[in-house]
Amino acid sequence: MTQTEDKVEIQDTPLVPIEKVVSLAKRRGFVYPNSEIYGGVAGIYDFGPLGVELRNNIRRYWWWSMVQTQDNVVGIEGSIITHPRVWEASGHVENFVDRLVECKKCKHRFRIDHLPAENLEQHKCPNCGGELTAEPRVFNLLMETYLGVVEGERMKTYLRGEACQNIYLDYDNVQKSSRMQIPFGICQIGKAFRNEITPGNFLFRQREFEQWDLQFFVHPSEMQKWFEYWKQYRFEWYTSIINHKDRLRLRAHGPDELAHYAKQAFDVEYRTVLGWQEWEGIHWRQDWDLSRHSQYSGQDLSYADPITKERYIPWIVETSGGVDRTFLNLLLDAYEEQPDPSGRAGEVRTILHLHPWLAPVKVAVLPLQKNKEELVTTAKGIYKNLQRLMVAQYDDIQNIGRRYRRQDEIGTPYCVTIDFQTLEDQTVTVRERDTTSQIRVAISELPMFLLDRVTWK
Ligand code: GAP
């Protein structure tokens, strides 16, 4: 993974309030509240025209790094609904719970693992100071659904609470059909559903969200080596797509934080206005998953080493992150407001310093004037040519300064201006978003110039 050569280091900027990003996301078509015309549903969002481009780029870059360029990793796409026994075997029916206390006065509910220790000890509400209920109520986060149409014969099952379960279910088929030998990995990107009691902070904690998982199957004696390897690899992966490297860290879980399947865990954490928060979990799942599914299904999921003939249940290193949390963290990392360069009082230049690899629109093509036919014809020709290679926009509304501002606000890394010199020497002005520097590039060289900068390598 390398950075493009002209990516500049962004000066340290203050932590961005989430509301700024929520507002930009709606105004410019990144994210909308789901079912907004009916009043919305907490913790569920839709992605607009720019959001879907950004999301696809984030997913594709992950897939490229985790599957396409790895020799011993393959991908699957499993279904959201599975046999209900899956969730008994996985431990989720029993253990996937939040414990909540309620304030007797203001009726707010709090997860006890999110309450400051002093409030928990004194049963004191952090919201109004009222008394909290002493005994926590236990809520399971799995979302129930029913298969079948005939009342009384319908089968209760669950929308998957973590996407990775499909990988264990398909492990044996993948190993045999793809002739994979241990160590090897299986990746998947897919939706997960949780009845979060306290959804909130925009995309941070949702009820429907998307996860990316690698499950890497190893011999128990190699567990430590591969755990270290993937921990480091994933940390560097996140480092490669953010501006504020000092806001990223790895943190080991304490024994009381470990999920029921994990013997050890590290979080990749990112610092925002919400404080340090989990972005991805690296889990030492050991033989929990394949042993439990062997036990509950009655199928032998052990692996027979073709060379040593040893038979064993593989141990698993998991790296599990959120597409939506990546989306949110990237917006928070990229957002900056600067005084407007034109000097107009009260106006700001908002910039999204998104990595050119991930930016939803790669290039905007702008004729200097829209009433000069030759400029417009040339600009439209360049736009049509670029559109086949990358996501491009054509804009001829308002003056060039305003058009640059509009592109800066959605993170477009390059603007191409067609001016009168273009008509004489067949060159265009290419303006870079972060530095605002401008250079002239021959029209014939423009596609390669841009592709080189907006494509990961
Ligand atoms: N298979 C392991 C697993 O699911 P997790 O820590 O519960 O582990 C992994 O989830 C990642 O999924 C988190 O690091 C986070 O990025 C994302 N995630 C979890 N719950 C989420 C939610 N309610 N909304 C958005 N993203 C969530």
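From 74, 86, grab the single residue that is more than 20 Å from residue 196 (Cα to Cα), outside any loop (DSSP other than H, G, I, E, B) and within 16 Å of the ligand (Cβ to nearest atom).
Exactly one residue qualifies, and that residue is 86.
Looking only at residues that are within 8 Å of the ligand (Cβ to nearest atom) and either more than 19 Å from residue 56 (Cβ to Cβ) or assigned to a helix (DSSP H, G or I) (or both) in the stretch 198-223, which one is modelled with the lowest pLDDT?
199
Residue by residue, here is whether (1) in contact with a helix residue (DSSP H, G or I) (Cβ under 6 Å, 6 or more places away or on another chain); (2) assigned to a loop (DSSP other than H, G, I, E, B); (3) basic (Lys, Arg) holds:
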| position | (1), (2), (3) |
| --- | --- |
| 15 | no, yes, no |
| 20 | no, no, yes |
| 26 | no, no, yes |
| 29 | yes, yes, no |
| 40 | no, yes, no |
| 46 | no, no, no |
| 56 | no, no, no |
| 63 | no, no, no |
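From the list 152, 185, 129, 148, exactly one residue is under 30 Å from residue 113 (Cβ atoms) and of a type outside the set (D, E, K, R). Which is it? Steps first, please.
Numbers: 152 fails: under 30 Å from residue 113 (Cβ atoms); 185 fails: under 30 Å from residue 113 (Cβ atoms); 148 fails: under 30 Å from residue 113 (Cβ atoms).
Answer to the selection: 129.
May I ask you to list the residues in the stretch 372-412 that are aliphatic (A, V, I, L, M), part of a loop (DSSP other than H, G, I, E, B) and closer than 29 Å to residue 338 by Cα?
Listed by number, the residues that qualify are 390, 391, 397.
Determine, yes or no, whether residue 348 is β-branched (Val, Ile, Thr), at pLDDT below 95 and more than 16 Å from the ligand (Cβ to nearest atom).
Spelling it out, residue 348 is indeed β-branched (Val, Ile, Thr), at pLDDT below 95 and more than 16 Å from the ligand (Cβ to nearest atom).
Listed residues 225, 245; which is farther than 30 Å from residue 18 by Cα and surrounded by fewer than 18 Cβ atoms within 10 Å (Cβ to Cβ)? Step through it out loud before you land on a result.
On the way: 245 fails: farther than 30 Å from residue 18 by Cα.
Step by step, each of 225, 245 is checked, and only 225 is farther than 30 Å from residue 18 by Cα and surrounded by fewer than 18 Cβ atoms within 10 Å (Cβ to Cβ).
Being surrounded by fewer than 23 Cβ atoms within 10 Å (Cβ to Cβ), more than 9 Å from the ligand (Cβ to nearest atom) and not acidic (Asp, Glu) is the filter here, so list the residues in the stretch 306-326 that pass it.
306, 307, 308, 309, 311, 312, 313
State the number of residues belonging to the stretch 361-394 that are charged (D, E, K, R) and buried (at least 20 other Cβ atoms within 10 Å of the Cβ).
Count: 1.
Tell me the residue from 75, 40, 29, 48 that is under 16 Å from the mean Cα position of the chain (by Cα) and more than 23 Å from residue 239 (Cα to Cα), please. Explain how you work it out, then say what you get.
Working: 75 fails: under 16 Å from the mean Cα position of the chain (by Cα); 40 fails: under 16 Å from the mean Cα position of the chain (by Cα); 29 fails: under 16 Å from the mean Cα position of the chain (by Cα).
Being under 16 Å from the mean Cα position of the chain (by Cα) and more than 23 Å from residue 239 (Cα to Cα) holds for just one of 75, 40, 29, 48, which is 48.
List every residue pair whose Cβ atoms lie under 6 Å apart, where the two residues are 6 or more positions apart in sequence or sit on different chains, the first residue falls within the stretch 203-219 and is in contact (Cβ under 8 Å) with a residue 12 or more places away in the chain, and the second residue, located anywhere, is of a type in the set (S, T, N, Q) and more than 8 Å from the ligand (Cβ to nearest atom).
Note: pairs meeting the criteria are 213/188; 214/319.
Can you find a residue in the stretch 260-283 that is crowded, with 19+ Cβ neighbours inside 10 Å and at pLDDT below 95?
yes
Any idea which of (1) under 28 Å from residue 43 (Cβ atoms); (2) in contact with a Gly (Cβ under 7 Å, 6 or more places away or on another chain) is the one residue 277 doesn't satisfy?
(2)
Applying the selection to the stretch 226-269, what residues are of a type outside the set (A, V, I, L, M) and assigned to a loop (DSSP other than H, G, I, E, B)? Walk me through it before giving the result.
So in the stretch 226-269, the residues of a type outside the set (A, V, I, L, M) come out as 226-240, 243-247, 249, 251, 253-257, 260-261, 263-264, 266-267, 269.
Within the stretch 226-269, 240, 243, 244, 253, 254, 260, 261, 263 meet the criteria.
Would you be able to tell me the number of residues in the stretch 78-105 that are within 26 Å of the chain's Cα centre (by Cα) and either among the basic types (Lys, Arg) or under 19 Å from residue 257 (Cα atoms) (or both)? Talk me through it step by step, then tell me what you get.
Step one: of the stretch 78-105, the residues within 26 Å of the chain's Cα centre (by Cα) are 78-82, 86-87, 90-92, 95-98.
Cutting the leftovers down to either among the basic types (Lys, Arg) or under 19 Å from residue 257 (Cα atoms) (or both) gives us 90-92, 95-98.
Within the stretch 78-105, residues that are within 26 Å of the chain's Cα centre (by Cα) and either among the basic types (Lys, Arg) or under 19 Å from residue 257 (Cα atoms) (or both) number 7.
Just for the stretch 224-263: of the residues that are away from the ligand (no atom under 16 Å from the Cβ) and under 19 Å from residue 289 (Cβ atoms), which one is nearest to the chain's Cα centre (by Cα)?
The extreme case among them is 226.
Any idea which residue in the stretch 187-197 is farthest from the chain's Cα centre (by Cα), counting only those that are over 13 Å from residue 41 (Cα atoms) and within 7 Å of the ligand (Cβ to nearest atom)?
The selected residue is 194.
So, of the residues in the stretch 147-161 that are assigned to a loop (DSSP other than H, G, I, E, B) and surrounded by fewer than 22 Cβ atoms within 10 Å (Cβ to Cβ), which turns out to be nearest to the ligand (Cβ to nearest atom)?
Here the residue is 161.
Listed residues 302, 342; which is touching a Gly at 6+ places or on another chain (Cβ under 8 Å) and over 22 Å from residue 47 (Cα atoms)?
Details: 302 fails: touching a Gly at 6+ places or on another chain (Cβ under 8 Å).
It is 342.
Residues 441, 428: which one is surrounded by 21 or more Cβ atoms within 10 Å (Cβ to Cβ), in a strand (DSSP E or B) and in contact with a strand residue (DSSP E or B) (Cβ under 7 Å, 6 or more places away or on another chain)?
None of the other options fit; the residue is 428.
Condition first: more than 13 Å from the ligand (Cβ to nearest atom) and under 18 Å from residue 225 (Cα atoms). Now tell me which residues in the stretch 266-291 satisfy that.
286, 287
Restricting the first residue to the stretch 305-332 and requiring it to be without any contact (Cβ under 8 Å) to a residue 60 or more places away in the chain, which pairs with a second residue that is among the charged types (D, E, K, R) meet a Cβ separation below 8 Å and a spacing of at least six or different chains?
From residues that are without any contact (Cβ under 8 Å) to a residue 60 or more places away in the chain, the pairs are 311/305; 313/287.
The values are calculated or read from the model by the stated rules, or taken from the named source; none is laboratory data. Note that the coordinates shown come from a computational prediction; the quantities given were computed from them, not determined experimentally. Methodologically, a virtual Cβ is constructed for each residue, glycine included, from the backbone with ideal geometry; neighbour enumeration extends over all protein chains shown.
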